[in-house]
Each structure stands twice: as C-alpha cells, then as structure tokens.
Amino acid sequence: METEARNLLTGNQLRLFKTLEETAVENFLQDLSNSQIHTIGPELIFGALFDRIGFGIIPEELFRHITIARLAYPVSKLKTADYLYRYKGIAIDVQRIYRFLDRLNKKYKEMAEKIAYEYTKKTLNQISVVFYDMTTLYFESENEDDLRKIGFSKDGKFQNPQIMLGLLVGQNGYPIGYDIFSGNTFEGHTLIPTLKKIQNKYSFAKPIVIADAGLLSKDNIEKLKVEKYQFIIGARIKNETDRIKKEILKKARSLTDGQTFQIEKPDQTRLIVGYSDKRRKKDEYNRKKGIRKLEQRIGSGRLTKESINNRGYNKFLELVGEIEVELNQEKIQEDKKWDGLKGYVTNTNLKPEEIIENYKHLWQIEKAFRISKTDLKVRPIYHFRKRRIEAHICIAFVAYTIWKELERLLTEKKIDMSPKRAAELTHNMYELEYVPPNTDEIKKIILKMDPEQETLRKIVNS
C-alpha cells in the first residue's frame, strides 16, 4: 500500500499533481493569441535576398513589402494590403500603396533597374551575349489610351487593351533591362530602341544580340549592322527567295541528325541551316495535329473561303469550285520537305555549331516571361494610370531578379527544389512574439521548421 502511494506521488504510474513547469506552460499557451504568431518566411527568405542583391538601399519600406509580397503571394495591390495586415501585422491603406506607386517610377525606378543590372554583371562577370524578346501584357479593362492599345495579343486576349514589354536578359536568363511600348506597336520595331537605350544607359561593350524570328526584318538587320552589333536571329527559311529555298532543299537532302550547312546571302549575312531528328518528329506531329483539326472543321461545314489564308495550317486549304473547301495534298507534301530544318541569320564569325548552341539559350527569355506571367502573376494588370503601370512592371522586374538569385543558390548547392516550391515553404515559417512573466520586454522566437524549410533557410543565409 505504501509502495503504491509512493509510485503515484513519483509519477511511475499516474501523477496526481502537475509540476510548476507544466502549469506555467499551459498558462502561457492559453494566453497566446493569433496576433502573437506571424508568418516570417517571406521576409526570412526573400527579404534576405532583397538585401543581398542591394535593393535594401531603397529607403521606402513599402517597396520592400510589395516586392516580397509579389514573390510569396502574387496578388493584386488590394489583396497585398490584406496580406500585409494578416501576415505581417502591418496596417496599410491600399490608397497609400497606390500613392507610393505614383512616386516609385519617378524616384526609384532607375535605381532599382541599375541594382538589377549590377547584380547580373557581377554574376556573369561580363555581358557578351544578350537575348531579346517581346511579350504582351493585357488589362482587365475595355478602355484604351495612349499606352494601352488593342493589338496582336500573345496571351490570346484580342479584345483587351494591352502593352508590349521588351525584355533583355543575359546568359541563363539573368535580367539586364526592359522597356514598355504601346499595345499596338509592331514587335519588330522594338528591338533597336530597347537595345540602344539599355546599352547606352550602362555603357557595356556591344554584345552579340540573339532574338527569335519575330524580330527578323530587313530594317532590323540593317540597323543592327549600322550600329555595329553582331547578331544571331532565327530565320524564316520558308520566306527566303526562291533561289535560296531551292538551295536549302537541295543541300538538306543529304543531312543527318545534327548536321548543318551555310549559305552566303547578298546582304553580307550568313544563313545557317541545321537539321535534327527531334525537330522533324515535332514538325510532323504538329502538322498532323493541325490537319486533323482542319478535317473536323471541313466535315462540320464551318470552313468557308474566308478561312483560306496563310495563318497556321490554313495554308493547306484551297477552294474547289465556288463554295467547297478542301485540303491541298500537294501543299502538304511540299511542307514535309522542310521537316527538321531550322535556320539562323548571323553576321558573326562564329562556327555554325556555336551559333546554334548560343541560339538554344533563347528559351531562357521564354522562361523569364513564363515566370513573370505565371509564378509572379504580372498579368492581368488592373492599373490604368501610366505611372502605376510602369511601377507595377518595375516591381515585377525586381521580383524576377530575386527569383533568379534564389534559383542560382538552389542550383549551386545542388538542392532539388524549385523557387516556386521555396515560395510555398515560406508560407508556413512562423515567428512567436511574447512577453516573459514579470517583464515588459517583448521577445521573438522563430518556431521550429521542418527539414525542407531549414535547408532553404540555410542556403539563403549561408
């Protein structure tokens, strides 16, 4: 009996009384409120990178908060205010955010762009090759003005006003600069102005310019040569002269996977043509897919003579009699001859394989647009004032720079984690704020993280 009582008191079987420590812990936990627990992840990860790159010298705290919100919770400015209150405990009226955007473009845009450029210059050591491309960003509005215009939309939003965004990046997609044009600007007219503006602003040596076939025009090529730029531009080989097209098809007959040839053009440029089995399969697959869709539309009677044009696979259509539309099998057979071929126009002295290898990296700028549009949700744009639109793009450009630095660190440390996954992990990194008993001192402690979160924190703060 005495032994059983002793066991009860010592806790070997069942404790009847709580220890002072247990009571203190329970009381502490019962007094905790939601306002004492903050999401610290976005600041801990993206805030650290914001400072590391150099954006911390911009004195406005709102610039920091809006940029980090764009990375962790890419939402509208109205919802950004809600995020700051809910997760940071910062009460900011959305009108204050809009007023900040109104002055950001005038006071800090140039500084932010220069910091991003210096980051890229330091990361790459030198800027010898640049990649340029153009995209469209649409607005949730039906009203046009001097900047927002309805034009050809790469987003498929043909009824929405838009702007054109020209982006210049270095190797591996590191940001160099950008420019904004009205939404009905022809993309071929944006290359030279953007290139000259950015290159003159930072005074770096003239690089080799790489752009896709959408920027290929006689005017662009002449201006690039006049300005003494070397370039590699994707070629539309089916649009070459009849003489050159015949020469291409003749030389292509003996090509095997990975082989190339070149043709000297009258304008002192070279046309490099390469062949790959992978591209041939892709060309064949896309054509068959396009033809199947045309056959379905012909069968349904939805195609008329107005459908006969050179847009996409409509080029295979022809009018039989006065009203019947059918596929032109001869055109289809002619198109097959070009399967697997890809052309490049250049004025460099690089070898064909070097030209193709450099051009392959153009996908990095396509990736930059994809990151901006999907992960950072730079579109649609809800602003209508020009200065706010420009501020919105500036913030997205800064956010993209931070995204690239995070991507670089993850790759360098061989961590199998995407920046998008890293952004998700920041949502559940918490900090506890409390006041110890018998004191008025506020203390903060970061709550224990899971292994994946701890790994992310270590590589960013190493």
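The values are calculated or read from the model by the stated rules, or taken from the named source; none is laboratory data. Just so it is clear, the model here is predicted, and its values are computed rather than measured. Positions of Cβ are backbone-derived with ideal geometry, glycine not excepted, and every protein chain shown enters the neighbour counts. For the accessible areas, the whole protein counts, side chains as well, though only heavy atoms, and no ligand, DNA or RNA atoms are used. Shrake-Rupley method; radii C 1.70, N 1.55, O 1.52, S 1.80 Å.
Can you tell me how many residues within the range 199-258 are hydroxyl-bearing (Ser, Thr, Tyr) and touching a Phe, Trp or Tyr at 6+ places or on another chain (Cβ under 7 Å)?
Going through the range 199-258 one residue at a time, the tally reaches 1.
Please name all residue pairs, on different chains or six or more residues apart, with Cβ atoms under 6 Å, provided the first residue is in the range 240-268 and is without any contact (Cβ under 8 Å) to a residue 24 or more places away in the chain and the second residue is surrounded by 14 or more Cβ atoms within 10 Å (Cβ to Cβ) and polar (S, T, N, Q).
Filtered contacts from the range 240-268: Asp257/Ser276.
Modelled with pLDDT under 60 and assigned to a helix (DSSP H, G or I) - does that describe any residue in the range 274-292?
The answer is no; no qualifying residue exists.
Being surrounded by 19 or more Cβ atoms within 10 Å (Cβ to Cβ), modelled with pLDDT of 60 or more, not basic (Lys, Arg) and not in a strand (DSSP E or B) is the requirement here; does Pro42 meet it?
Yes.
The rows are residues; the columns are (1) in contact with a strand residue (DSSP E or B) (Cβ under 6 Å, 6 or more places away or on another chain); (2) modelled with pLDDT of 90 or more; (3) over 17 Å from Phe46 (Cα atoms).
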{"position": "Glu354", "(1), (2), (3)": "no, yes, yes"}
{"position": "Glu357", "(1), (2), (3)": "no, yes, yes"}
{"position": "Lys367", "(1), (2), (3)": "no, no, yes"}
{"position": "Ile371", "(1), (2), (3)": "no, no, no"}
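I'd like the full set of residues that are among the hydroxyl-bearing types (Ser, Thr, Tyr), in contact (Cβ under 8 Å) with a residue 12 or more places away in the chain and open to solvent by 10 Å² or more (accessible area, probe 1.4 Å), limited to the range 417-443.
Listed by number, the residues that qualify are Tyr430, Tyr434.
Taking the range 402-416 on its own, how many of its residues are farther than 12 Å from Ile68 by Cα and open to solvent by less than 10 Å² (accessible area, probe 1.4 Å)?
Count: 5.
Quick check: anything in the range 208-222 among the basic types (Lys, Arg), modelled with pLDDT of 90 or more and either in contact with a strand residue (DSSP E or B) (Cβ under 7 Å, 6 or more places away or on another chain) or under 23 Å from Met134 (Cβ atoms) (or both)?
No: zero hits.
Inside the range 339-361, can you point out the residues that are aliphatic (A, V, I, L, M) and in contact with a helix residue (DSSP H, G or I) (Cβ under 8 Å, 6 or more places away or on another chain)?
Leu341, Val345, Leu350
Please go through the range 429-452 and give me each residue that is more than 12 Å from His38 (Cβ to Cβ) and part of a loop (DSSP other than H, G, I, E, B), ordered by number.
Answer for the range 429-452, where residues must be more than 12 Å from His38 (Cβ to Cβ) and part of a loop (DSSP other than H, G, I, E, B): Val435, Pro436, Pro437, Asn438, Thr439, Asp440, Glu441, Ile442, Lys448, Met449, Asp450.
I'd like the residue in the range 277-301 that is under 28 Å from the mean Cα position of the chain (by Cα) and open to solvent by less than 70 Å² (accessible area, probe 1.4 Å) and, out of all such residues, is farthest from Phe261 (Cα to Cα).
Asn286
Would you say Ile176 is buried (at least 16 other Cβ atoms within 10 Å of the Cβ), of a type in the set (A, V, I, L, M) and at pLDDT below 85?
no
Residues that are touching a residue at least 60 places away in the same chain (Cβ under 8 Å), open to solvent by less than 10 Å² (accessible area, probe 1.4 Å), in contact with a helix residue (DSSP H, G or I) (Cβ under 6 Å, 6 or more places away or on another chain) and closer than 19 Å to Pro175 by Cα: does the range 88-104 have at least one?
For the range 88-104, residues touching a residue at least 60 places away in the same chain (Cβ under 8 Å), open to solvent by less than 10 Å² (accessible area, probe 1.4 Å), in contact with a helix residue (DSSP H, G or I) (Cβ under 6 Å, 6 or more places away or on another chain) and closer than 19 Å to Pro175 by Cα: absent.
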